[in-house]
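Just so it is clear, none of the values below were taken in a lab; they were calculated from the coordinates. Owing to the predicted nature of the structure, the values given are computational and were not obtained by experimental measurement. Counting neighbours? That spans all protein chains shown, and the Cβs are built from the backbone with ideal geometry, glycine included.
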Amino acid sequence: MVNAYGDASADGAVRGARVVEVDVLRGFALFGILLVNAQLMASPWTAFGGGPSASVLDRAAAWTVTATTTTYQLFSFLFGYSFVLQQQAAHQPNTSVACRHLRRMAGLFGLGLVHAVLLYPGDILMTYAALGLILYGLHDLTPRAAVRVAVRLVTGLAVLLLGYGILTVVLAEPVTPAEYAPRVADTVAAYRGGVGSVIGAHLRELPSALGANLTYAPDMLAAFLAGLAAAKAGLVERRGRDSVWLRRTLVRWLPVGLAGGVVVAVCANGPLDSRWFLIGHAVSLLTAPALTVSYACGVLLLANRVGLAVDILAASGRMALSHYLTQSLVLACVFTGYGLGLYDRVGTAAVIAGCGMLYGLQLAYGAWLMSRIRYAPVELFLRTVTLGQRPDRAATYAGS
């Protein structure tokens with residue numbers, strides 16, 4: 001396999017503690033993140049499959065994305081995996097490693113705060129930064145112990161959501177689109193307004209968004225720990241090019257993951273009503289890992305067969321943070337008063353088609369840019385914060 005720097009390696013394509021397969025998976029996960037965030041940034045009707053006026057095509061598109069998208073979990077897994085790689089590459093005394101990690105999480109939190117206020121209140125970076133501190137405290141866990149903790153976190157949260165969801169189904173009344181419309185009228189007007197109006201809407205929504213992230217924080221931390229365990233066992237390096245193992249794992253777990261995804265979509269996007277939302281998400285917590293593993297194996301199988309896919313996806317994976325923030329910037333310019341003000345004016349199918357176009361452009365741009373520089377702009381900023389000084393400029397450019 002040829003890695004993202006253009007040279008060959010037989011042991012998982014590693015150079016300078018980078019594992020190219022991890023970059024490939026991160027580049028792929030960007031598309032799932034885009035699909036989810038775009039729907040939330042385009043309309044307040046995501047939970048209703050596109051709203052009362054949505055076409056059959058729009059409803060089908062929303063239902064399909066809900067049933068098949070689990071890439072937040074993949075990103076969380078890769079966060080934990082990359083954490084171990086960074087620790088192994090640091091070659092510093094423990095105190096120095098701790099300081100670097102603290103600075104990195106502080107920089108990530110700062111980026112997330114700016115992102116949440118200016119572009120998208122559903123930001124995940126602040127939550128990742130806070131959980132990253134907990135991850136550091138657990139970094140000495142053995143792979144087996146990390147997996148045990150992860151399983152307990154996911155199971156506990158699933159039981160809580162399932163119990164609360166059952167109470168909701170039994171005791172609550174479903175919320176209809178007609179009842180929901182007046183609640184979001186002010187939000188729609190705010191997002192179509194000027195810059196101040198949009199930022200004001202972000203600030204009003206930020207507490208509830210942070211609350212939602214806090215609710216699912218145990219699941220994110222569990223994925224961090226799964227990534228930590230996998231990295232300590234060298235799973236991607238050992239199995240990333242093993243086509244037989246990848247294929248066998250894909251075939252075994254894909255049906256489980258898709259079955260869970262269908263349950264989630266039925267509960268979240270119909271035909272079941274809004275009361276079933278939490279039950280669907282409880283099921284998702286238990287089955288999404290199977291779908292995530294299946295996607296990862298499928299992408300690595302493709303990468304093993306198509307060398308160009310490695311180069312393109314790995315390049316975007318190396319600048320995933322820059323791409324993530326750019327996605328929010330583009331979506332904000334399209335759907336809010338920052339630009340076109342198309343909030344609640346575009347159907348889900350069109351939004352998803354636009355995501356495909358944007359992702360394709362990002363892949364092409366990422367491949368072009370990362371062939372010329374070593375660090376993308378946001379990654380360079382975060383690395384500077386992490387090191388406490390700007391990296392040597394000569395090392396920033398590929399080939400120097």
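At a glance:
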item	result
Whole-Hz ³J(HN,Hα) from phi, Karplus 6.51 cos²θ - 1.76 cosθ + 1.60, for the stretch 365-371, glycine and proline x	5, x, 4, 5, 5, 6, 7
Stretchable slack from Ile373 to Tyr180, in nm (0.36 nm times residue separation minus alpha-carbon distance)	64.7 nm
Relative packing of 343-354, 173-184, 257-268, which averages over residues the other C-beta atoms within 10 Å, highest first	257-268, 343-354, 173-184
Ranked Phe77, Phe31, Phe381, Phe335, criterion: other C-beta atoms within 10 Å, fewest first	Phe381, Phe31, Phe335, Phe77
Highest average packing first - 231-238, 38-45, Cβ atoms within 10 Å	38-45, 231-238
Extension gain, Ala353 back to Val170 (0.36 nm per residue minus Cα-Cα distance, nm)	62.1 nm
Karplus-derived HN-Hα couplings along the stretch 337-344 (A = 6.51, B = -1.76, C = 1.60, θ = phi - 60°), whole Hz, x at Gly and Pro	x, 4, x, 7, x, 8, 4, 6
log₁₀ of I(q)/I(0) at q = 0.11, 0.13, 0.24 Å⁻¹ - the stretch 293-400, Debye sum with one point per alpha carbon	-0.49, -0.66, -1.23
Cβ-based exposure ranking for Asp242, Asp123, in which fewest neighbours within 10 Å come first	Asp242, Asp123
HN-Hα J in Hz across the stretch 255-260 - Karplus 6.51, -1.76, 1.60, θ = phi - 60°, x for Gly and Pro	x, 5, x, 5, 4, x
For the stretch 281-321 and the stretch 214-242, distance of Cα centres in Å	13
Exposure proxy ranking, count of Cβ atoms within 10 Å, fewest first, for Arg148, Arg26	Arg148, Arg26
Segment Leu102-Val306, length gained on full extension (0.36 nm per residue, minus Cα span)	69.6 nm
